[in-house]
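See structure below.
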Amino acid sequence: MSAVMPTHPTPAPRPSSPRAIAADALDSLGLLDGLLWLRGRCRVPLLGIFTYHRIAEPDGVGELDGGVAEASVRELREQIALIKAHCTALTLDDLCRGLRGAPLPPNPVLITFDDGYRDCHDIVLPILREAGISATFFIPTRYPDAGRIFWWDRVHLTLRRCCRDTIEISYPVHLVLHPLRNPKAAADRLSAALKRTPRVDIDRSLAELERATGVTLTADEERDLAANAIMGWDHIRALRAAGMDIQSHGHGHGVLNTMSPEDAQRDLTSSRRVLTDVLSEPVRAVAYPVGYPLSGAYRDAVIAAGFEIGFTNNTGLCLTTACDPLNLPRVAMDRGQVGPLYKLKLLAGERYSPAT
């Protein structure tokens, strides 16, 4: 669909901030619509690749990590409507052709969802089908139908349930946490350490957290939580049957940069093999867990595992005439990106955390 001068959607309530006020002012003058129209008309070689995880209210995910719920159902619907009005949603095939030199349509956008939360099947798929556009879903292949919740969700759940005012953790790094005071802050500190510590053993860290907190999650309870939160393979096949692209998000969702290059290659190879077997078709793209750019031996590991395209995250818009296909930048989503703020995001690609 070509970019056109659209009508204005009804603005939704959102937090007041200098950026929101500026966006409203620019939009009231028609400048945001005009700039999007002009960029599409001039075929500026910019591609917006947008990253989502969960579509839910933060308080609607129970004891799991509410920080990955970047949009509500209403917000996603409005964002999709603005993409349809101003941009052209791509498939992965469209992107591959563009990277090989074929012309891309006006204001190209690739919509992506990481992790494979159940929301992707139950909420996102009907919205996309109603809009008549597709998206790409990146799956960490260790988790579907495994009865295990994601490790960051396990961290948040454990610290929410902890009844101890202060805990001390010795692995992966020494941390003193105060879960009763602020369980989210405690969980975010530990999660950050797990994302950055070289050669980190996630399972060992979760066992250390259980020891420090005294909180135990039974296998039966975790299985129930996982079934409600994470897509199974039948859900993933249904996405593919509906025309959505399914690609890799690693196997265990470990941060590749924290592994040895050899372990990173093994993880990537496992994920690609599993997806190829499940989908009965080649898998060529991977979104790096957490999304740090890769270089050197880590970039070589992606190639050795058989991938043609690799996606980073929170790294901005993609200049298609000067991009590394194994380090394609993506724009991380945040809550409150509606109306003029989302138009501004389509134009500039900046991450913005609204005031709460």
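The values are calculated or read from the model by the stated rules, or taken from the named source; none is laboratory data. Keep in mind that this is a model prediction, so the values were computed, not measured. Using ideal geometry, Cβ is built from the backbone for each residue, glycine included, and neighbour counts are taken over all protein chains shown. Areas reflect the complete protein model, heavy atoms only, side chains present, ligands, DNA and RNA absent. Shrake-Rupley method; radii C 1.70, N 1.55, O 1.52, S 1.80 Å.
Key figures for this structure:
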{"quantity": "Candidate set from the range 112-140 (those that are open to solvent by less than 10 Å² (accessible area, probe 1.4 Å) and in a loop (DSSP other than H, G, I, E, B)); member that is farthest from VAL278 (Cα to Cα)", "calculated": "ALA135"}
{"quantity": "Some residue of the range 255-269 being over 28 Å from ALA192 (Cβ atoms) and either in a loop (DSSP other than H, G, I, E, B) or modelled with pLDDT of 95 or more (or both)", "calculated": "no"}
{"quantity": "Subset of the range 323-342 [under 30 Å from ALA305 (Cβ atoms), touching a residue at least 40 places away in the same chain (Cβ under 8 Å) and open to solvent by 10 Å² or more (accessible area, probe 1.4 Å)]", "calculated": "CYS323, PRO325, PRO329"}
{"quantity": "Search result, residues across the range 221-244 that are assigned to a loop (DSSP other than H, G, I, E, B) and over 15 Å from LEU275 (Cβ atoms)", "calculated": "ALA242, GLY243"}
{"quantity": "Scope the range 93-111; condition open to solvent by less than 10 Å² (accessible area, probe 1.4 Å) and out of contact with any helix residue (DSSP H, G or I) (no Cβ under 8 Å at 6 or more places or on another chain); matching residues", "calculated": "LEU95, CYS96"}
{"quantity": "The range 205-247, residues that are small (Gly, Ala, Ser) and more than 20 Å from ILE127 (Cβ to Cβ)", "calculated": "SER205, ALA207, ALA212, GLY214, ALA219, ALA226, ALA227, GLY232"}
{"quantity": "Those residues of the range 266-304 which are under 20 Å from the mean Cα position of the chain (by Cα), open to solvent by less than 50 Å² (accessible area, probe 1.4 Å) and of a type in the set (Ser, Thr, Tyr), in sequence order", "calculated": "SER271, TYR288"}
{"quantity": "Residues within the range 154-181 that are part of a loop (DSSP other than H, G, I, E, B) and either closer than 24 Å to GLU221 by Cα or touching a helix residue (DSSP H, G or I) at 6+ places or on another chain (Cβ under 8 Å) (or both), tallied", "calculated": "10"}
